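Inspection log for the structure reproduced underneath, given as structure tokens.
The values are calculated or read from the model by the stated rules, or taken from the named source; none is laboratory data. Every value quoted in this text rests on a predicted model; they were computed, and no experiment measured them. Quick reminder, even Gly has a Cβ in these numbers, built from the backbone with ideal geometry, and neighbours come from all protein chains shown.
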Amino acid sequence: MADIKLIEPDLNFIREVLASGGDSLKKCFQCGTCSVVCNLSPEKNTFPRREMIWTQWGLKERVARDPNVWLCHQCNDCSQYCPRGARPGDVLAALRAQAIRNYAFPSFMATALADPKYLPILMAFPVGLLLLALHLTGKLHIPEGPVHYANMFSHLALNLFFGGLFFVMLMTLLTGVVRFWLDLDRENRRGLDVVTLVKAAIPTITDILLHRKFQKCEANKSRYLAHLLVFYGFVGLLITTAIAVFYILIMELPNPPAWVVYPLPWYRPEKFLGNASALALFTGLSLMIANRLKSDATASKSSYFDWLLITVIGVLGLTGVIVELLRYSNAVPVAYYVYFVHLVSVFMLLIYLPYSKFAHLIYRAVAMIYANYAEAKATVFVKEVENVARAAALEG
Amino acid sequence: MDKKIGVYLCAGCQIGDSIEMEKLEKVATGEYKIPICKSHAAFCGDEGLALIRKDIESEGVNTLVIGACSSRAKTEVFNFGPDYIIERVNLREHVAWSQPPKNEDTQMLAEDYLRMGIVKAQKTLPPEPQQEDLDRSILVVGGGVTGMTSALEAALACFKINLVEKETLGGWKAKLHKVYPKSPPYKELEDPGVEALIKKVREEQNITIYEDTEIESIAGAPCKFEVKLKNGAQFKAGAIIQATGWKPYDASKLGHLGYGALPDVVTSVQLEEMAKNGRIARPSDGKAPSSVAFVQCAGSRDPEHLPYCSNVCCLTTLKQAAYIRGQGADIKIYIVYKDMRTPGLYEDFYRAIQDDPGVFLTKGVVKGVSPNRGGLLVDAEDTLLGESIRLKADMVVLAVGMAPRSADGPAIRALMDAHAVVAKNESETQVVEAKKKIETLKHHEGTSILHLEYRQGPDLPVLQYGFPDSHFICFPYETQRTGIYAAGAARAPMDSAQAAEDAAGAALKAIQCIEQTTRGFAAHPRTWDNTFPEFYLQRCTQCKRCTEECPFGVLNEDVKGTPLPNPTRCRSCAICMGACPERIVNFKNYSVDMIASMIKAIEAPEEDEEKPRILALFCENDAYPALDMAGERRIMIDPTIRVIPLRCLGSTNIVWIADALSKGIDGILLVGCKYGDDYQCHFIKGSELANRRMENVQETLQKLALERERVQLTQLSISDFEKLPQIMNEFAEKIKEMEPNPYKGF
């Protein structure tokens, strides 16, 4: 019997999955309906049937390094058709949460983000840091005059603060992502094929930008629109922020052009982009919340992990809009308090990224790129073998 | 009996529109000189019946030939009591409804049927009731759940029971630690609760219990059984229920799974014992296991071992998994199965155990169990994980199947006969043959349970897997011996809930047998039949055909080989009548002469008239009703065919074929029930015997320069009634293509 594998189930892993939204896991009896129904499942190497039994058998390593877990977009078509009520869609969501925990560095951060009892500390930390920063810049008081947030937190201080923390976050995120990639590519003995990688990345990014995978959902068609709005809402806000930073920098120059103004008045097109993006974000977020609150078979089961991200984004967006409105109405000192809360939520969203559900944006993208990369390499490999064979035939 | 025949021809249900009633009456009055012959538009109505009753009272008619609907229709209407002979001629389904109306051939068909009916009525004799001292008690062999339940059920119906048990009451269920749930919500294990049942049985006045003993011998027949026990007790019995249960498959044959060589590989039976004794531990060092692997279908569903599924092993494993999981939250249970079979609502129990995170299930084929530093490794292929896997386990449990505790009666008899041949030492070749037989049969030595004093064997015949069963849909709880009923795991692998139901069914059958036999009727399936085979032994040549061919072992033998009939064992199929070459076996209302006369009553026209004639012998169990059903659907049948219903195709005597051919009949079609492993034949091998006899007949046909195809036997089940007209018409076509019977007109 070739290739027999010693199987040692990790009972604790199973218990964790059961506790984090995958409580219906053990109902699966491997009929395979889920893999047949899933529109995102590739022809070969289908999912989620095997992931269900690997999880039932506690094969933590195998599941953590499985790209299929990330190809899933939680349409819940599978959960709708599952004859046992095993809800593979929800189990895979729990597996993604486990994967993020598995690759998180340092690991105690992942534990903190998964358990509501740590929430006070998670909020206290950025509050403390910001207060420290304000103290160090001598701004621990409400500034006078019309509302200018730069009076509380100067652009330089703000950018240094968040820039530096962001850099640290990127480093920790990268350790996780690189480990993830190496695990995905563990069978490979020939090193990274950069050309194929770039060739694989392009269609993946197109897919993501067009939300093609979401369009294939049948049970939950509203997921496409909801995520599209949130996604582009973010992108729009990102662009707006980049424009703002750019303008700030320009304004430091000796002779800035007249049309470069900061802060921007409401009628400017850049502001319009920002507000429209915020509207898109809120609409998308509301749709997501509505989806999670409905009670039929297509609804996703939501855990603390899911709600935390939704709440942080919600608070972020809300405080962002309020901050803008309070600036226009010069509501002192409320504006600055809300601005403080806004900064805390920015911290919680961006700096905790590698440990929260938000990490899906990088893990899913990497897994999707890897799936295309591996397929392209396999095709290349087959072509190479054919070439060698042809050459040999010509010689012989 | 002084016969006064009356012929009554009904013109209702389109019979009058189909044939000329006056011409038909002439057959009775002119050809058979029967003075009383009347027609009516509807004999089943009040007016028609009054007409018949008037003739009975005033004219003294005691033998009625009623030409109307099928004998299967309106049986309660045309029932004038046991003192009258009634012959029903089928002019409706077999003539008016399946032939074109007002047609010469239709008329000839109706006339032939009336001739045959009159002849049959003339040859029928009234039955002679048999009065004797008949016992009404029930012997139950086996004191487990099945035996105790059937005893209680019959006792509550006011029957006296003798319950014989080899050890003590309780059976296998008393040895179980817990049982899997038998009622909703099917989630929790239950206590076996056998003590309550045992108490009820011991307290029941109608039940006499004999424990710690076995059967010594059983002689006799239903309602006349003479039972002797090994402890000296003796009593009579009316009917017997065999509830001897099961034994686990012999695990010593499972060496490839490590049993025997590795002490920590145990069977599910051994595991249950450990649980009952309070603690499940490894036999090698007495430590509690931290992981246990269950191998399902160990020696089951395997042509090398038990080829069948035992129904309860999957549920037992799930139950035992719950036992072990109860010993520690981190204990791992692996279950490797071929399929997970939890029938019906037991699926909910499967779901409950599945929900336990410490139970790991996969389909797979276990290839081997090997030792590993004090523990065990289980290797399995073709698993749901998509690869071959190796599992570490502290113990391995083999879920073994259930084999019946029964004995193969005919095999034991064959073994005894072979020993007798060797002992007699008459012929070299015979002794060599006998010795070969002994080799193949010697494992049956000493296995007898019932020790019946029946010539055909001391126990019940068994079906293909060794279970003393019958076709369950057609003949539930019956065995191939009248008055003896198998129930519970002795009949088929089952759990205690099914066994309790089985027990009630068998008790009902035992009661049916006693009630029928004490009234002088056959037990089943011919419950209306109170005739018995009569042997004119002066002309018996001791050929032993009847003794061997009787499906129910009715006939014992004396020293010379002369048959000794035991009438209450009989089911009145008349296979013995068909077997006897000397034609010495007959029934009062069914004899060789009767059917032969009916065949001779058929008019076979001269060759130049080009009207061939076909005789069809139909078994009345499936074939005759199928023809009725075709008639109900107005499907046309070839008019050359004359159907005679028989009790069983096995009652066909070869002389009828000879009589038919010499009468000038061109073809003979026999239609009866299916035989073989999945038999439906109501008398087990009737159609099979007829088939064998017809094969011999075909050889004779060839010698007479007649075509083999003139005689054909077809198997039919009643659900195939739509095929029957096609079968009959195709046979008729085939016969028409042949030359007419050269013996016509002799």
Any chance the stretch B:239-259 includes a residue that's assigned to a loop (DSSP other than H, G, I, E, B), surrounded by fewer than 17 Cβ atoms within 10 Å (Cβ to Cβ), within 14 Å of chain A (Cβ to nearest Cβ) and not aliphatic (A, V, I, L, M)? no
Any residue that is among the charged types (D, E, K, R) and more than 9 Å from chain A (Cβ to nearest Cβ) - is there at least one of those in the stretch B:385-403? yes
Just give me the residues in the stretch B:331-353 being within 11 Å of chain A (Cβ to nearest Cβ) and crowded, with 22+ Cβ neighbours inside 10 Å, in sequence order. B:LYS332, B:ILE333, B:TYR334, B:ILE353
Given the structure, is A:VAL338 touching a residue at least 24 places away in the same chain (Cβ under 8 Å) and part of a helix (DSSP H, G or I)? no
Could you list, in sequence order, the residues of the stretch B:555-566 that are part of a loop (DSSP other than H, G, I, E, B) and touching a residue at least 60 places away in the same chain (Cβ under 8 Å)? B:ASN566
Residue count, the stretch B:292-330 (criterion: assigned to a helix (DSSP H, G or I) and either within 14 Å of chain A (Cβ to nearest Cβ) or not hydroxyl-bearing (Ser, Thr, Tyr) (or both)): 10
Taking the stretch B:439-454 and keeping only residues that are part of a helix (DSSP H, G or I) and either touching a strand residue (DSSP E or B) at 6+ places or on another chain (Cβ under 7 Å) or buried (at least 16 other Cβ atoms within 10 Å of the Cβ) (or both), one is left with B:LEU441, B:HIS444
Qualifying residue in the stretch B:408-419 (condition: among the basic types (Lys, Arg), crowded, with 18+ Cβ neighbours inside 10 Å and more than 9 Å from chain A (Cβ to nearest Cβ)): yes
Residue check: is A:LEU281 over 27 Å from A:LYS139 (Cα atoms), surrounded by 14 or more Cβ atoms within 10 Å (Cβ to Cβ) and hydrophobic (A, V, I, L, M, F, W, C)? yes
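Out of B:LYS38, B:LYS54, B:LYS26, B:LYS74, report the one residue that is on the phi > 0 side of the Ramachandran plot and either at pLDDT 95 or above or in the same structural domain as B:ASP112 (by TED's automatic domain parsing) (or both).
Checking each option against the conditions leaves just B:LYS74.
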Selection within the stretch B:354-375 - hydroxyl-bearing (Ser, Thr, Tyr) and either over 30 Å from A:GLU16 (Cα atoms) or more than 10 Å from chain A (Cβ to nearest Cβ) (or both): B:SER370
Residue under question is B:VAL378, and the condition is that it be more than 30 Å from B:GLU190 (Cα to Cα), crowded, with 21+ Cβ neighbours inside 10 Å, of a type outside the set (Lys, Arg) and away from chain A (no Cβ under 11 Å); does it hold? no
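Condition check ((1) outside any loop (DSSP other than H, G, I, E, B); (2) farther than 20 Å from B:CYS648 by Cα) across all residues:
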position	(1), (2)
B:GLN516	yes, yes
B:ALA522	no, no
B:CYS546	yes, no
B:THR568	yes, no
B:GLU582	no, no
B:GLU603	no, yes
Within the stretch A:240-259, is there a residue that is of a type in the set (Phe, Trp, Tyr) and either in a helix (DSSP H, G or I) or closer than 30 Å to A:ASN102 by Cα (or both)? yes
Being touching a strand residue (DSSP E or B) at 6+ places or on another chain (Cβ under 6 Å), in contact (Cβ under 8 Å) with a residue 60 or more places away in the chain and not in a strand (DSSP E or B) is the filter here, so list the residues in the stretch B:605-634 that pass it. B:ALA623, B:TYR624
I'd like the full set of residues that are out of contact with any Cys (no Cβ under 9 Å at 6 or more places or on another chain), over 18 Å from B:ILE602 (Cα atoms) and touching a residue at least 40 places away in the same chain (Cβ under 8 Å), limited to the stretch B:655-683. B:ASP677, B:ASP678
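Tally up the residues in the stretch A:5-47 that are of a type in the set (A, V, I, L, M, F, W, C), farther than 17 Å from B:LYS332 by Cβ and either over 25 Å from the mean Cα position of the chain (by Cα) or away from chain B (no Cβ under 11 Å) (or both), please.
9
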Given the conditions (1) modelled with pLDDT under 90; (2) within 30 Å of A:GLU218 (Cα to Cα); (3) among the β-branched types (Val, Ile, Thr), every one holds for A:VAL261 apart from (2)
Given the criterion under 30 Å from A:PHE272 (Cβ atoms) and modelled with pLDDT of 85 or more, identify the matching residue among A:PHE153, A:PHE231, A:PHE167. A:PHE231
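Being in the same structural domain as B:LYS734 (by TED's automatic domain parsing) and within 30 Å of B:ASP135 (Cα to Cα) narrows it down to one of B:ARG569, B:ARG634, B:ARG647, so name that one.
Details: B:ARG569 fails: in the same structural domain as B:LYS734 (by TED's automatic domain parsing); B:ARG634 fails: within 30 Å of B:ASP135 (Cα to Cα).
Result of the check over B:ARG569, B:ARG634, B:ARG647: B:ARG647.
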Report whether or not B:PRO567 is under 24 Å from the mean Cα position of the chain (by Cα), buried (at least 23 other Cβ atoms within 10 Å of the Cβ) and under 28 Å from B:GLU128 (Cα atoms). no
In the set B:LYS588, B:LYS611, the lone residue that is surrounded by fewer than 22 Cβ atoms within 10 Å (Cβ to Cβ), of a type in the set (Lys, Arg) and under 21 Å from B:ILE654 (Cα atoms) is B:LYS588
Evaluate the following for B:SER268: is it surrounded by fewer than 20 Cβ atoms within 10 Å (Cβ to Cβ), over 21 Å from B:ARG390 (Cα atoms), more than 14 Å from chain A (Cβ to nearest Cβ) and hydroxyl-bearing (Ser, Thr, Tyr)? no
State the number of residues belonging to the stretch B:1-16 that are within 20 Å of B:THR124 (Cα to Cα), out of contact with any Phe, Trp or Tyr (no Cβ under 9 Å at 6 or more places or on another chain) and buried (at least 16 other Cβ atoms within 10 Å of the Cβ). 2
Exactly one of B:GLN480, B:GLN538, B:GLN542 is more than 29 Å from B:LYS247 (Cβ to Cβ), outside the structural domain of B:CYS314 (by TED's automatic domain parsing) and in contact with a Ser or Thr (Cβ under 8 Å, 6 or more places away or on another chain), and that one is B:GLN542
Select from the stretch B:90-117 the residues that are within 30 Å of the chain's Cα centre (by Cα) and either in a loop (DSSP other than H, G, I, E, B) or closer than 22 Å to B:TYR590 by Cα (or both) and list them in ascending order. B:ASN90, B:HIS94
